[in-house]
Amino acid sequence: MRAPLKTAWFDYELPATAIAQHPAEPRDAARLLVDRGPATPADHHIVRDLPDLLQPGDLVVVNDTKVLPARLHLVKATQGAVEVLLLEPTGHHRQWRALVRPGRRVKAGTELFVPGATDEAPVVVVDDVLDDGRRVVTVHDDDLMTRVGEMPLPPYITEPLDDPDRYQTVFAREPGSVAAPTAGLHLTDEVLRRLADRGVDIARVELRVGLGTFRPISTDEVADHTMHTEQYRVEPDTWERIRGARRVVAVGTTVVRTLESVAATGALSGDTSLFISRGYPWQVVDVLMTNFHVPRSSLLVLVDAFMGDRWRALYDTAIAEGYRMLSFGDAMLIERESIERESIEHESIERQPSERESTQEPDA
């Protein structure tokens with residue numbers, strides 16, 4: 001019987017000075033640590049090199065969700081400051097699940113106003129307090145996020161962001177996330193063009209990223225962690241291209257969870273709470289480009305499931321070599337442990353049809 005997987009295994013020493021406070025300029029100047037397998041030292045590149053590291057027939061899949069300016073600085077009628085972070089719509093008209101601070105002072109029925117406008121109608125009303133401390137709120141102003149909303153940067157980014165568009169990917173389309181698919185922040189139109197010139201196709205999927213993605217696991221054992229739920233969508237023709245690809249290169253863990261959710265459920269859209277950990281039966285993703293993640297996070301557990309415990313040596317190398325960590329930091333390019341290893345700098349032999357190509361097409 002396999003011993004329980006302890007959350008402590010996914011801890012590592014992260015110096016505060018290694019946490020990037022600003023994105024790389026330009027985007028594709030971010031560093032890229034390329035894994036070469038257990039017997040070969042990692043290579044140091046930059047994201048601009050990505051087209052040269054992939055091969056014709058590869059399919060790069062990106063998450064084109066757009067981040068909402070979902071952080072609202074409001075006040076009560078007493079002028080007490082309240083921060084509301086809208087997380088996801090409940091499905092009822094204008095109603096959202098939200099985080100509210102300071103939570104203990106904001107009870108059900110509290111009316112919230114834009115600062116300086118307490119003589120007008122409230123813009124947000126707290127409807128209910130959920131068991132986990134979140135609130136259900138009604139937003140009475142449809143333009144509130146556009147007027148006063150701010151980008152919901154992670155709490156470890158303590159310096160202001162001069163340009164809000166730098167927390168959006170260049171291919172972002174459909175608003176719906178409260179956090180960015182951060183690996184995609186590094187890609188530029190020029191890199192995408194060069195990938196196409198190289199014969200590397202690009203596909204778009206959507207997963208609406210929630211804050212739970214980035215939160216550390218609080219349980220002692222990984223298996224006891226409750227995964228957050230997020231909405232995803234993959235178009236039928238996109239799934240056909242994924243099934244027929246030479247290799248699938250996921251840009252970010254959100255793409256991984258989207259594609260593996262489709263493979264696991266047969267549904268091209270819906271809600272997923274897929275928690276990928278060691279021993280997961282991979283079906284779709286072959287190569288992963290991903291940022292460096294928070295200690296004890298579900299994202300780090302996913303990376304461990306993807307490539308084995310080699311991640312620890314890569315993280316040690318990254319920190320020793322001055323790589324920038326977390327959401328605005330650098331990235332790494334890794335291959336799935338269980339696939340036959342080939343150099344990603346050279347043409348590989350023609351492969352046999354993959355497992356995903358022999359499975360039945362999922363229902364749309």
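FYI, it's all coordinate maths here, none of it is from the lab. These numbers were taken from a predicted model, which means no experiment stands behind them. Don't worry about glycine lacking a Cβ; one is built from the backbone with ideal geometry, like all the others, and counts go over all protein chains shown.
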Distance in nm between label sites at Asp43 and Ser273, each 7 Å beyond Cα in the beta-carbon direction? 4.2
With a ≥ b ≥ c the root eigenvalues of the C-alpha gyration tensor of the range 197-338, is it rounded (a/c under 1.5), prolate (a/b larger than b/c) or oblate? oblate
Positive-end extreme of charge dipole, the range 184-314 - chosen from Thr238, Thr213, Ser261 (charges on Cβ): Thr238
List the longest stretch of the chain that has no exposed loop site; here a site is one of the GluC sites (Glu not before Pro) assigned by DSSP to anything other than H, G, I, E or B, with at most 13 other Cβ within 10 Å. 121-320
Among 23-34, 265-276, what's the highest-first ranking by average C-beta atoms within 10 angstrom per residue? 23-34, 265-276
Of Thr169, Leu54, Phe113, farthest towards positive along the dipole that unit charges on Lys, Arg, Asp, Glu beta carbons give the range 54-208: Phe113
The range 118-159: C-alpha gyration tensor shape, a/c 1.5 cut-off, then a/b vs b/c: oblate
For Asp224, put the label point 7 Å out on the Cα→Cβ axis and report which residues of the range 298-327 keep their amide N under 17 Å from it. 298
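Rounded to the nearest 0.05, what FRET efficiency do Thr17 and Gln283 give with R0 = 45 Å and r taken as the Cβ-Cβ distance? Could you check?
0.70
Please say if the range 136-284 is rounded, prolate or oblate, where rounded means a/c under 1.5 for a ≥ b ≥ c the square roots of the C-alpha gyration tensor eigenvalues, and otherwise the choice is prolate for a/b larger than b/c and oblate otherwise? Walk me through the numbers before you get to the answer.
On the way: a/c = 1.64, a/b = 1.15, b/c = 1.42.
Since a/c reaches 1.5 but b/c is at least a/b, the shape of the range 136-284 is classed as oblate.
Using the beta-carbon distance between Ile319 and Glu120 and R0 = 56 Å, what value does 1/(1 + (r/R0)^6) give for FRET efficiency, to the nearest 0.05? Intermediate values should be presented prior to the final figure.
Numbers: r = 50 Å, r/R0 = 0.90.
Calculated transfer efficiency: 0.65.
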Roughly what angle does helix 298-307 make with the longest principal axis of the chain, taking Cα atoms, 0 to 90 degrees, to the nearest 10? 10
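Go ahead and estimate [θ] at 222 nm for the chain from helices alone: -39,500 (n - 2.57) per DSSP H run with n ≥ 4, summed, over the residue count, rounded to 500.
On the way: 7 runs with 60 residues, N = 364.
Value at 222 nm, helices only, nearest 500: -4500 deg cm²/dmol.
Return a whole-number percent for the relative contact order of the range 83-123, with Cα pairs under 8 Å and 6 or more residues apart as the contact set. Before the final figure, lay out each step's value.
Values: 37 pairs, mean separation 11.0, N = 41.
With pairs under 8 Å counted, the relative contact order is 27 percent.
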Efficiency by 1/(1 + (r/R0)^6): what FRET value for Arg101 and Glu25, r their Cβ-Cβ distance, R0 = 41 Å, to the nearest 0.05? 0.85
